[in-house]
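Each remark here refers to the structure printed beneath this line.
The values are calculated or read from the model by the stated rules, or taken from the named source; none is laboratory data. Source: prediction; values computed, not measured. FYI the Cβ positions are ideal-geometry reconstructions off the backbone, even for glycines, and counts take in every protein chain you see. Areas reflect the complete protein model, heavy atoms only, side chains present, ligands, DNA and RNA absent. Shrake-Rupley method; radii C 1.70, N 1.55, O 1.52, S 1.80 Å.
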Amino acid sequence: MIDLLRDQQRASASMPAPPLEERRAAFVPGGRLHPLPDDVAVSEVTAGGVPAHWLAAPGAEAGRVLLFLHGGGFELGSLRSDGELAARLGRASGMRVLFPEYRLAPEHPFPAAIDDVLAAWRWLRAGEGLSARSIAVAGDSAGGGLAVALLVAARDAGEELPAAAVLMSPTVDLTGSGASMTERADQDPLSTPAMLRQFAAGYLAGADPATPLASPLFATLTGLPPLLIQVGTADLLLSDSERLADAAGRAGVDVSLHVGEGLPHVYPIMLGTPEADQATQQTGTFLRVRV
């Protein structure tokens with residue numbers, strides 16, 4: 001699979017970038033598109049003004065909800081690209097999944113995405129009447145960064161927080177200051193430093209990249225719920241996860257960091273691989289204990 005990703009990366013490097021709408025339509029994280037399983041019930045909903053989907057695998061408990069935030073550099077991603085992963089984590093944890101389709105950059109730059117995520121979170125609490133302790137949040141890549149930003153924003157607003165959070169290769173530093181941004185540049189089969197800088201610039205639209213809700217690595221992390229962080233060593237964003245885990249631990253947060261040797265960005269999305277299976281089981285166990 002890694003070799004396939006490297007071949008795709010080399011092929012795309014020699015071609016001009018297609019228009020944004022084409023990139024969105026063709027976005028396939030992890031190199032292969034996996035459709036939602038037939039036994040997952042999917043229904044549309046408006047969550048605090050945000051288009052969203054409910055996903056429910058057989059046996060999911062209606063009163064336990066996983067708020068899943070997709071990745072894609074704040075510009076790409078949707079139920080098509082990340083729905084299978086979201087549903088799989090819901091199945092593993094026995095939870096219903098709310099999958100918001102937050103607004104995307106560059107048409108809707110920061111803080112549109114975090115505003116939408118907060119609206120969906122508050123809808124779960126007020127509109128659905130769910131207790132904070134019955135909700136967890138999960139996100140991959142940009143969605144992982146949004147998940148941490150959600151926790152920070154809700155805490156700062158004096159709200160009760162979700163019971164736990166699962167972060168897969170989270171994007172938490174839009175300044176690009178992590179050592180892995182250079183040290184892992186020849187190992188990452190998916191991303192390049194230029195690509196990540198472009199995503200950040202499109203999302204920020206001139207905002208300070210160190211703004212805590214854009215780059216929650218620079219936020220105060222005291223009081224956050226337990227965090228599970230999964231990342232691979234073949235990932236430009238390895239340092240984001242390492243520094244987030246260190247900062248959270250120093251702030252007294254219960255944090256578990258799992259680093260997969262040789263694994264790429266958001267490796268849990270790579271359905272059918274032993275590493276993704278293990279990550280899914282790990283997430284399911286983590287959430288069942290805490291939510």
Check: If contacts are Cα pairs under 8 angstrom and at least 6 residues apart, what is the relative contact order of the chain in percent?
Finding: 19
Next item on the list: Have a look at the DSSP beta bridges in the chain and tell me what percent are antiparallel, nearest 5.
Entry: 30
Item checked: Apportionment of accessible area to carbon and sulfur, segment 191-237, percent (1.4 Å) -> 65
Notebook entry, point to check: Can you pull the percent of Cα pairs in segment 143-189 with separation above 18 Å?
Noted result: 44
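Give the calculated FRET efficiency between D208 and A17 to the nearest 0.05, with a Förster radius of 25 Å applied to their Cβ-Cβ distance.
Values: r = 26 Å, r/R0 = 1.06.
E(calc), rounded to 0.05, equals 0.40.
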Next item on the list: Springs between alpha-carbon atoms under 10 Å, Gaussian network over the chain: tell me which of M168, M195, M270 tops the mean-square fluctuations.
Entry: M195
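Between T273 and R103, what length in nm is gained on full extension when 0.36 nm per residue of separation is reduced by their alpha carbon distance? Write down the numbers at each step before the final one.
Details: separation 170, 0.36 × 170 = 61.20 nm, distance 3.11 nm.
Using 0.36 nm per residue and subtracting the Cα-Cα distance, I get 58.1 nm.
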Notebook entry, point to check: So, counting K/R as plus one and D/E as minus one, what does the shell of residues with Cβ under 12 Å around V40 add up to?
Noted result: 0
Item checked: Environment charge at A163 (Cβ cut-off 15 Å; Lys +1, Arg +1, Asp -1, Glu -1) -> +3
